[in-house]
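The values are calculated or read from the model by the stated rules, or taken from the named source; none is laboratory data. Keep in mind that what you see is a predicted model, and the values were worked out from it rather than measured. Every residue, glycine among them, receives a Cβ derived from its backbone with ideal geometry; neighbour counts consider all protein chains shown.
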Amino acid sequence: MNTPLSQHPDPPASTADATVSGGLNRLTIVHLLVVGIAIGAVIAAFASVERRDAISLSQTAEADAWTGMRIVEQGASAAEDYEALARQHFDAAVARARPGQRMAERIGVWLAERGQFGLATPYLLQGLRQSPGYDLALTAASAASAVGDSAATTEAYTMAIQLRPDSPLAYNNLAYHYAVRGVRLPEAERLVQRALQLVAPGSLEASSYWDTLAWVLYKQGRFAEAWQAMANVDPLFFSDPVVVDHLRAIEDALRGPPMIAPEFEGFRPEED
């Protein structure tokens, strides 16, 4: 097919012009390649520095954590206000750590294992918020409860329920936490009822939850119902002074003679 002359592209002005144009194109390509290689080398150098910095920060974080632990182990012999000094190093370790190091969690667990619950609680909560885990939530709740940090205890047990909604332990413990403080009692009743639904009837675990329910009902002034709940507690639990205290409080509230059921006889401690 013939192509109309008007559709042909204009030829270059001369052969020399075409050669120069092609040469410039080739030089431009080579130049761009050289520049690209140079930029790549710079980026790689910066990346290498960043990696070295990250490793350096990671090692510094470990050193800070180790220093804080040593201060805690030495206690008052390290410094009069050793807890504040240890906290400075722990905070620095958390700030410098890489996300994968889970530094706050590690510090919190280490402190909790040594009974340093006041120091441990904020790090356990921070670690829990960053990397939620059921066991970590229970550890954080226990540490917070030990030092009377109600808000932290509630947060940790609530997260434990969210993480494992089929586990009765967290429901019961949060209910008991509310009962001891006399707060949010209707919610506490719902929580412990849920725990009882999830546990095998008649088990020792269920007995613990029946005691919680009895205490929740007692705190609401429902003494007869509290006694009925307490009647479901296995007699073995009446070797626990806390359970016995609950039972006595319910008896006193009922304003009658002692109501120890026959199966409880022999498990009640002698009067002082």
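For the stretch 217-234, the candidate set comprises residues that are in a helix (DSSP H, G or I) and surrounded by fewer than 16 Cβ atoms within 10 Å (Cβ to Cβ); within that set, the residue that is nearest to the chain's Cα centre (by Cα) is Q228.
For the stretch 160-177, the criterion of being closer than 29 Å to V72 by Cβ, β-branched (V, I, T) and part of a helix (DSSP H, G or I) is met by none of the residues.
Only residues that are touching a residue at least 24 places away in the same chain (Cβ under 8 Å), surrounded by fewer than 24 Cβ atoms within 10 Å (Cβ to Cβ), hydrophobic (A, V, I, L, M, F, W, C) and under 21 Å from R164 (Cα atoms) were counted across the stretch 183-203, and they come to 3. Among the residues making up the stretch 89-103, those that are assigned to a helix (DSSP H, G or I) and more than 26 Å from A141 (Cβ to Cβ) are A92, R96. With respect to being closer than 28 Å to A214 by Cβ and either crowded, with 18+ Cβ neighbours inside 10 Å or not hydrophobic (A, V, I, L, M, F, W, C) (or both), S145 fits the description.
Assess whether V94 counts as being of a type outside the set (D, E), buried (at least 19 other Cβ atoms within 10 Å of the Cβ) and in contact (Cβ under 8 Å) with a residue 12 or more places away in the chain.
So V94 passes the test.
Residues checked against (1) farther than 19 Å from A156 by Cβ; (2) in a helix (DSSP H, G or I); (3) modelled with pLDDT of 90 or more:
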| site | (1), (2), (3) |
| --- | --- |
| E50 | yes, yes, no |
| A54 | yes, yes, no |
| L85 | yes, yes, yes |
| E105 | no, yes, yes |
| G115 | no, no, yes |
| P122 | no, yes, yes |
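Among the residues making up the stretch 151-182, those that are surrounded by fewer than 16 Cβ atoms within 10 Å (Cβ to Cβ) and either out of contact with any Pro (no Cβ under 9 Å at 6 or more places or on another chain) or modelled with pLDDT under 95 (or both) are A151, T158, P165, D166, V180, R181, G182. Within the option set T67, T139, T60, being under 24 Å from M159 (Cα atoms), of a type in the set (V, I, T) and either in contact with a Leu (Cβ under 8 Å, 6 or more places away or on another chain) or in a helix (DSSP H, G or I) (or both) holds for one residue only, T139.
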